[in-house]
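The values are calculated or read from the model by the stated rules, or taken from the named source; none is laboratory data. It should be emphasised that the depicted structure is a prediction, and the values quoted were computed from it without experimental measurement. So basically every Cβ, Gly included, is an ideal-geometry build from the backbone, and we count neighbours across all protein chains shown. To get the accessible areas, we keep the full protein, side chains included, count just its heavy atoms, and leave off ligands, DNA and RNA. Shrake-Rupley method; radii C 1.70, N 1.55, O 1.52, S 1.80 Å.
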Amino acid sequence: QVGPGVLIPRPETEQLVEIVIDAANKLPMRPAPVICDVCTGSGAIALSLGKALPHAQILATDISEEALFWANKNLSSSKLQNVSIFQGNLLDPICQFLKNKQKSIDIIVSNPPYVTENEYSDLEPVVKNHEPKLALTAGDDGLDIIRPLVEQSAKYLKPGGALFMEIGCAQGENILQLISGFPQFVTLDVIKDFSGRDRFVSATTAY
């Protein structure tokens, strides 16, 4: 269920979930991986992962009270026991929750705000009038949320862990350059969506 304060999930985000499920199933010797969904919105990613990966611990965050209303409503309807939702900025509330704060997360996934201010002004009214700007825009270059998320991910991902993000179709090169500044990440990739556009970035940490 969605309503005021959250984005409507789109096919690209469904593809992101499929990518993460595949990566989680390939994790070696990790019977109960910790997966964090940052900027969870309605909880669509976290709950889909929780259902597909019952052995995993899914931790989801969002800074918006409106979004968390819908995420918790959907969590209650799902009756999933392996998903927990926290309010706060990016990974901050999860780091407070986990006992071993550093190097404690197997996978981080996010569909963060990534629309630039100029792009926002050109969006169709059906988007601008019905979906929250907070969940869409991220500064002049669209990377105001992605920068700190990459920095936190480098700190908290386990060796052999992975970061997956949905991005704007013109942001791939800039984001790869950003991630390459953190030596923890050894494998970087841009993945295309079903329309053939750059849409996701993956980055794995060294073992």
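So here's what we get for this one:
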| read-out | value |
| --- | --- |
| Answer residue from the range 163-197, given it is polar (S, T, N, Q) and in a loop (DSSP other than H, G, I, E, B) and is surrounded by the fewest Cβ atoms within 10 Å (Cβ to Cβ) among those | SER195 |
| Enumeration of residues in the range 10-54 that are small (Gly, Ala, Ser), in contact with a Lys or Arg (Cβ under 9 Å, 6 or more places away or on another chain) and more than 29 Å from VAL127 (Cβ to Cβ) | ALA24 |
| Cβ pairs under 7 Å, 6+ apart, first in the range 144-157 and within 16 Å of LEU98 (Cβ to Cβ) and open to solvent by 80 Å² or more (accessible area, probe 1.4 Å), second of a type outside the set (A, V, I, L, M) and outside any helix (DSSP H, G or I) | LYS155/GLN102 |
| Residue selected from the range 93-114 under the condition closer than 18 Å to LEU143 by Cα and modelled with pLDDT of 80 or more, by the criterion nearest to the chain's Cα centre (by Cα) | SER110 |
| Sole exception among (1) outside any helix (DSSP H, G or I); (2) in contact with a Ser or Thr (Cβ under 7 Å, 6 or more places away or on another chain); (3) surrounded by 15 or more Cβ atoms within 10 Å (Cβ to Cβ) for TYR120, by number | (1) |
| Unique match (being over 22 Å from ALA162 (Cβ atoms), free of Cβ contacts under 8 Å to residues at least 40 places away in the same chain and in a helix (DSSP H, G or I)) among GLN81, GLN96 | GLN96 |
| Matching option when the condition is in contact with an Asp or Glu (Cβ under 6 Å, 6 or more places away or on another chain) and either among the charged types (D, E, K, R) or without any contact (Cβ under 8 Å) to a residue 40 or more places away in the chain (or both), among ALA44, ALA52, ALA60 | ALA60 |
| Hits in the range 1-40 - residues which are more than 15 Å from the chain's Cα centre (by Cα), open to solvent by less than 40 Å² (accessible area, probe 1.4 Å) and closer than 30 Å to THR137 by Cβ | GLY3, GLY5 |
